[in-house]
Amino acid sequence: GENVEQHPSTLSVQEGDSAVIKCTYSDSASNYFPWYKQELGKRPQLIIDIRSNVGEKKDQRIAVTLNKTAKHFSLHITETQPEDSAVYFCASGDSGGYQKVTFGTGTKLQVIP
Amino acid sequence: DVKVTQSSRYLVKRTGEKVFLECVQDMDHENMFWYRQDPGLGLRLIYFSYDVKMKEKGDIPEGYSVSREKKERFSLILESASTNQTSMYLCASGAGGASYNEQFFGPGTRLTVL
């Protein structure tokens, strides 16, 4: 089955700095890569996703890049703010309509004011 | 607005008890999922269902079973609870189909098995 590795497990940045979280996946058939954010005590929520026909996608201060050849994708958060503090999960999924994805182990991001 | 609810936020059970965790979604979603969340291990898929009465094993199905008798409801069953099943359990649903849609999560049930 699919294996998703995520690094780092924890990340502390100063407010205003950038944060980068990296993930690798094993199944070359995977073609959907979502990122979820889970604030303390709350449910995970999708913040951005990318499909394999796209190399980069941006949404305001967040962006995701995908390198299918190397089987890795990354989340970039610029101008970090305290409300960005959360656990971030990457995931990858194969083709098909069942939406089955495999999640990474999570990165706890702390933004220090 | 999608709403996914779970029957309990906190649950305490004893070893050997049969445990039912219920999940209900109100958006007519085809797909429903059960995950467990443990520190350092992320979200691990236990079972998922893509239609009424249809189910597929996820990555860690041992010790669990599921039931989907109605489209909106997906139940996770621990036939004989054990202490290593103490965890946070998250249910999710998604629209399914040919495109890839987000999964909408419930608030979670923190289960403690004594």
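Name every residue in segment A:81-113 that is within 15 Å of the chain's Cα centre (by Cα) and either charged (D, E, K, R) or over 21 Å from B:Glu56 (Cα atoms) (or both), in order of residue number.
A:Asp84, A:Ser85, A:Ala86, A:Val87, A:Tyr88, A:Phe89, A:Cys90, A:Thr105, A:Gly106, A:Thr107, A:Lys108, A:Leu109
Which of the residues spanning segment A:23-46 are more than 8 Å from chain B (Cβ to nearest Cβ), polar (S, T, N, Q) and within 28 Å of A:Pro82 (Cβ to Cβ)?
Passing the criteria: only A:Gln38.
In the list B:Thr83, B:Thr109, which residue meets the criterion of being within 29 Å of A:Thr107 (Cβ to Cβ), of a type outside the set (Gly, Ala, Ser) and surrounded by fewer than 19 Cβ atoms within 10 Å (Cβ to Cβ)?
That would be B:Thr83, the only listed residue that is within 29 Å of A:Thr107 (Cβ to Cβ), of a type outside the set (Gly, Ala, Ser) and surrounded by fewer than 19 Cβ atoms within 10 Å (Cβ to Cβ).
Which of the residues belonging to segment A:72-108 are in a loop (DSSP other than H, G, I, E, B) and surrounded by fewer than 23 Cβ atoms within 10 Å (Cβ to Cβ)?
Scanning segment A:72-108 gives A:Thr78, A:Glu79, A:Thr80, A:Gln81, A:Ser85, A:Asp94, A:Ser95, A:Gly96, A:Gly97, A:Tyr98, A:Lys100, A:Thr105.
Have a look at A:Val13, A:Val20 and point out the one that is hydrophobic (A, V, I, L, M, F, W, C), without any contact (Cβ under 8 Å) to a residue 60 or more places away in the chain and more than 14 Å from every other protein chain (Cβ to nearest Cβ).
Result of the check over A:Val13, A:Val20: A:Val20.
Can you say whether B:Ala81 is within 9 Å of chain A (Cβ to nearest Cβ), in contact (Cβ under 8 Å) with a residue 60 or more places away in the chain and in contact with a strand residue (DSSP E or B) (Cβ under 8 Å, 6 or more places away or on another chain), as far as the supplied structure shows?
In short, no.
With the checklist (1) more than 14 Å from the chain's Cα centre (by Cα); (2) more than 25 Å from A:Phe89 (Cα to Cα) in hand, flag the one item B:Glu30 doesn't pass.
(2)
Which one of these is under 11 Å from the mean Cα position of the chain (by Cα) and closer than 30 Å to A:Leu109 by Cα: B:Leu76, B:Leu41, B:Leu45?
Just one listed residue meets the conditions, B:Leu45.
For segment B:42-63, which positions are surrounded by fewer than 18 Cβ atoms within 10 Å (Cβ to Cβ), more than 9 Å from every other protein chain (Cβ to nearest Cβ) and of a type outside the set (Lys, Arg)?
B:Asp51, B:Val52, B:Met54, B:Ile60, B:Pro61, B:Glu62, B:Gly63
I'd like the full set of residues that are surrounded by 13 or more Cβ atoms within 10 Å (Cβ to Cβ), modelled with pLDDT of 95 or more and part of a strand (DSSP E or B), limited to segment A:57-71.
Answer for segment A:57-71, where residues must be surrounded by 13 or more Cβ atoms within 10 Å (Cβ to Cβ), modelled with pLDDT of 95 or more and part of a strand (DSSP E or B): A:Ile62, A:Ala63, A:Val64, A:Thr65, A:Leu66.
Inspect all residues belonging to segment B:100-108 and state whether any of them is among the polar types (S, T, N, Q) and more than 8 Å from chain A (Cβ to nearest Cβ).
No: segment B:100-108 contains no residue that is among the polar types (S, T, N, Q) and more than 8 Å from chain A (Cβ to nearest Cβ).
Just name the residue that is surrounded by the fewest Cβ atoms within 10 Å (Cβ to Cβ) out of those in segment B:29-41 that are in contact (Cβ under 8 Å) with a residue 60 or more places away in the chain and under 20 Å from B:Met88 (Cβ atoms).
Across segment B:29-41, the extreme among qualifying residues is B:Gln37.
Please find, within segment A:1-53, the residue that is nearest to B:Glu56 (Cα to Cα) out of those that are of a type in the set (Ser, Thr, Tyr) and in a strand (DSSP E or B).
Filtering segment A:1-53 for residues that are of a type in the set (Ser, Thr, Tyr) and in a strand (DSSP E or B), the one nearest to B:Glu56 (Cα to Cα) comes out as A:Tyr32.
Need the failing condition index for B:Lys13 against (1) surrounded by 14 or more Cβ atoms within 10 Å (Cβ to Cβ); (2) under 23 Å from A:Leu40 (Cα atoms); (3) not hydroxyl-bearing (Ser, Thr, Tyr), just the number.
For B:Lys13, the exception is condition (2).
The values are calculated or read from the model by the stated rules, or taken from the named source; none is laboratory data. Computed from a predicted model, the values in this text were never measured in an experiment. Every residue, glycine as well, gets a Cβ built from its backbone with ideal geometry; the counts of neighbours run over all protein chains shown.
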